[in-house]
Structure formats: structure tokens, C-alpha cells
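The values are calculated or read from the model by the stated rules, or taken from the named source; none is laboratory data. All figures in this text were calculated on a predicted structure; none of them were measured in a lab. No Cβ is skipped: glycine too gets one built from the backbone with ideal geometry, and neighbour counts run over all protein chains shown.
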Amino acid sequence: MQDDVAQRAFETLSGAEGDAQDLSSHAQEAEAPNALRHIASLTMTKVADGLIDPKLMLSWLLTALGAPAVYAGALVPIREAGALLPQIVMAGWVQAMARRKWAWVAGSAGQGIFAALIVLAALTLEGSAAGLAICAALAGLAVSRAACSVSYKDILGKTVGKSRRGSITGTAGSVASAGVLVLALLLMSGLVQDRGVVIAAIALAAGLWGGAALLFSTLDEAPSEGGKATPASFSILKEDANLRRFILVRGLLVATSLAPPYFVVLAGGEDQSALGQLGALVLASALASLLSSYVWGRLSDQSSRRVLMLTGIVGALAMVGAVALALLGMATQIWAMPLVLFILMIAYHGVRQGRSTYLVDMSPKDQRSAYAAVSNTVIGGLLLVAGVAGGGAALIGPVATLVLFAVMSAGAAIAALGLREVEAAD
């Protein structure tokens, strides 16, 4: 009975018809309940991500604790680089595991533990000591996140069939965004200016990561042939021209994640509280995710290549729109920046769905972890450079910076034309 319910729910969400021919017979039988475990686990971790967002919650918390600004400025680079750069080493370890779900379970549990350490630091420390302790705990959380990231695409590829994977991750994104939407509304209302509420939200994130680890441990994953734990090699970049082009496209689409703060600047965000500004940003992102993640996921199952092209175009149009509003003197209108920011965040969530689905579907079955690790390591290095260069962007101003980002986003759409179509039937 439960299996029938799971099967019907899976077919409704994914549009699946029949067995996935790219899965083993064991994986085909377990696909429906496994897919629901994926959705529930991802939903919990995505909500946790929103509750502990370094750009929002942690930066506000450090300010409330009296930590010097240098610590708040280090949060995003620590999180991004720490989550991506270690993957090149972790990939070999994951590839050697018979059941890769345990790497994800360990990573999710680790994120919960380090989130709990952030709560402990916030309750017991002040000033520089709090800043240093929270940044150190965030570094541990980021490395744990890397273990989840490098293993997940391989696990998803083993347990959910091609043309259904985008629907699974997209559903989780849309469901999770509802929880983050509540957080954003609370932040904008001014009701959560109390430090204790923010600390409680981070504690909830710790619990969600722990719960996700427990649930994911029940995933029915058939054992793979393990091998020697050899770190992923950049040599696959020489061997696979399509991977090189994918990394180029993904690198150019980084513009969609770097642009939002400049929208806030154009809106005159300096006249608002920092928490209110970031609350508006989270609200736009949550609404965009709620309305678009599932749709992007279904479209990615049909052609993730076309999704990457479309998101590049939409992102570029949103940035050009912001520039036009600024040049016309309309950027400070109450409706202006929220509107174009909402459009940009729709593109951003499409980028996340498209790039994830494309990478899983293009990678050889026995090299998914290696492909994910190499791609993420290159992008991690790019984001690290972008973070360092961020200060230089202030010299040319937000309008010129957004023009540059728009060119990058449009360039990604053009570059994606040369990507191989990977959702075609094998």
C-alpha cells in the first residue's frame, strides 16, 4: 500500500512513465520511495541553508555580537570556497565507497554539528572571539557541505532515472522556499531584531541537517564497485571538450549569483537597516524559488542545455532592466528594483537546476563524482577570485558592474549553444 502511494506521488511529481532504463533492476524497483526520500532530505537541507545564510543571518548575528566587520566580510568567501575547493580531494574517497549515501549522511550530520557550534559560540562569546569562532565553525560546515555536494550527483544518478532528476530537485527547492519565505517576511517585519530569535533559527537549521542525515541513511542504494581512493584529476578537462564548455557556461552564469547586492544598492538600500535590505533579497529569492524551481526542474528533464541558454538570456535582461531603471532615475521607486530582482532570481534558480541536471546527465556513470569535483573546484576558484575582486567593483560603480555581469550572462547563453544535448534517450 505504501509502495503504491509512493509510486503515485512520484509519477505525479516527475511525470515518470515506466521504468528508467538507465537504472539497474534493483534501482528501478526502489526508485519511487527513494525519490521521495530525496525530496524530503533536500527540502530540510535547503530550509537549513536559508536559516543560516551567511549573507543574511550570520552577518547580522556577528554585528549583533559586536564582532569587527572583517569577520562578516569573510563569511561568504569561507562558505563558498570551503564548499567547493575540497571536492577535488573528496571525489576519490567517494568514488571508492560501495554506498555513496554515507558520504552525504556524514556531510549533512557534519553541517548540523558545526551549526550547533555556531549557536554555542553565539550564546557564550562576544566581539572578536565570537567572530573568530563562528568563522571557524562555518569553515567546518562548508567542508561538510563539500562532502554532500561531491557525492549527491552520483547518488542521484544511481537512484533516480534520467528525465526525472530535475523534477526531484526542483520540487525540493519549491517546497523549501515556502519556509524561507516565512523567514524573509519576519525579517522585513522588524519582529526578529532580537538576537535570541536569530540564534534559535540557526539551532533549527542544525536540527534539520541532523534530521536529513537520518532520513537519507534509509535510502535504498545498491552497492557500487569500490576502488582505490584516488583524487579526481583535472585530466578529464583535456579529455572532455563538452565538460570544458559546460564549465565555461557555468562560470559565466556566476554573474546571476553575484549581481543581487548591486540591485539593492541601486534601490537606495543604504537608507534601510542591513537586515531589512537582506530580508528583501531573501523574499525575492524565496518567491522566485517557490514559483519557478519545480518548473525549471521539469524543463531541465527535457533539455537542461536549453534551460542554461534561457536563464542566461533572462538574467541578462533583468540586469539590463536594472541599469535602464537606474539611468532613467527610477531605481528608487518602490516597485522598480524588487521587480527586476525577482526576475533575476528566477534566472538564478533556473541556473541552479539546469547546471545540476546537466552535470549529472552528461557524466559517465562511473565518473560522476570526479566530474562534479572538477567542475565545482574550478568554479570555487572563480568565486574566490570574484570575492577578492569584489572590492574593485565598487570603484566602477553598480551600473557598470551590472553591465559587465549582463554581458557575462548573455555570453553564457551563446556558449551554451555549443553544449551537447544530454537528455536525449540513450
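What residue, among those in segment 223-234 that are under 11 Å from Ala98 (Cα atoms) and exposed (fewer than 14 other Cβ atoms within 10 Å of the Cβ), is modelled with the lowest pLDDT?
The selected residue is Gly227.
Got at least one residue in segment 201-217 being at pLDDT 95 or above, in a loop (DSSP other than H, G, I, E, B) and within 30 Å of Val119 (Cα to Cα)?
For segment 201-217, residues at pLDDT 95 or above, in a loop (DSSP other than H, G, I, E, B) and within 30 Å of Val119 (Cα to Cα): present.
Which of (1) of a type in the set (Asp, Glu); (2) part of a loop (DSSP other than H, G, I, E, B); (3) buried (at least 24 other Cβ atoms within 10 Å of the Cβ) is the odd one out, the single condition Asp220 does not satisfy?
Going through (1) of a type in the set (Asp, Glu); (2) part of a loop (DSSP other than H, G, I, E, B); (3) buried (at least 24 other Cβ atoms within 10 Å of the Cβ) one by one, Asp220 breaks only (3).
Considering only segment 111-133, state which residues are farther than 17 Å from Pro54 by Cβ and either crowded, with 23+ Cβ neighbours inside 10 Å or touching a residue at least 60 places away in the same chain (Cβ under 8 Å) (or both).
Answer for segment 111-133, where residues must be farther than 17 Å from Pro54 by Cβ and either crowded, with 23+ Cβ neighbours inside 10 Å or touching a residue at least 60 places away in the same chain (Cβ under 8 Å) (or both): Ile113, Leu123, Leu125, Glu126, Gly127, Ser128.
Identify, from the list Ala64, Ala69, Ala35, the residue that is surrounded by fewer than 23 Cβ atoms within 10 Å (Cβ to Cβ), touching a residue at least 40 places away in the same chain (Cβ under 8 Å) and among the small types (Gly, Ala, Ser).
Ala64
Can you give me the number of residues within segment 322-355 that are touching a residue at least 12 places away in the same chain (Cβ under 8 Å), surrounded by fewer than 24 Cβ atoms within 10 Å (Cβ to Cβ) and of a type in the set (Gly, Ala, Ser)?
3
Show the residue pairs meeting these rules: Cβ distance below 6 Å; 6+ apart or different chains; first residue within segment 358-374 and modelled with pLDDT under 85 and in a helix (DSSP H, G or I); second residue buried (at least 23 other Cβ atoms within 10 Å of the Cβ) and among the acidic types (Asp, Glu).
What qualifies is Arg368/Asp154; Ser369/Asp154.
Results for (1) of a type in the set (Gly, Ala, Ser); (2) modelled with pLDDT of 90 or more, shown as yes or no for each residue.
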residue	(1), (2)
Ala316	yes, yes
Thr332	no, no
Ala336	yes, no
Phe342	no, yes
Ala386	yes, no
Ser409	yes, yes
Glu421	no, yes
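Among the numbered conditions (1) buried (at least 18 other Cβ atoms within 10 Å of the Cβ); (2) in a helix (DSSP H, G or I); (3) in contact (Cβ under 8 Å) with a residue 40 or more places away in the chain; (4) of a type in the set (S, T, N, Q), tell me where Ser144 comes up short.
Going through the list (1) buried (at least 18 other Cβ atoms within 10 Å of the Cβ); (2) in a helix (DSSP H, G or I); (3) in contact (Cβ under 8 Å) with a residue 40 or more places away in the chain; (4) of a type in the set (S, T, N, Q), Ser144 breaks only (3).
Look at segment 388-407 and say how many of its residues are modelled with pLDDT under 75 and either under 14 Å from Thr256 (Cβ atoms) or in contact with a Ser or Thr (Cβ under 7 Å, 6 or more places away or on another chain) (or both).
1
What residue, of Arg305, Arg245, is modelled with pLDDT of 80 or more, in contact with a Phe, Trp or Tyr (Cβ under 7 Å, 6 or more places away or on another chain), of a type outside the set (A, V, I, L, M) and in a helix (DSSP H, G or I)?
Arg305
Name the single residue, out of those in segment 147-166 being more than 19 Å from the chain's Cα centre (by Cα) and in a helix (DSSP H, G or I), that is surrounded by the most Cβ atoms within 10 Å (Cβ to Cβ).
Per the criteria, the residue is Thr159.
Checking the conditions here, which among Gly170, Gly131, Gly127 is at pLDDT below 95, at positive phi and not hydroxyl-bearing (Ser, Thr, Tyr)?
Gly127
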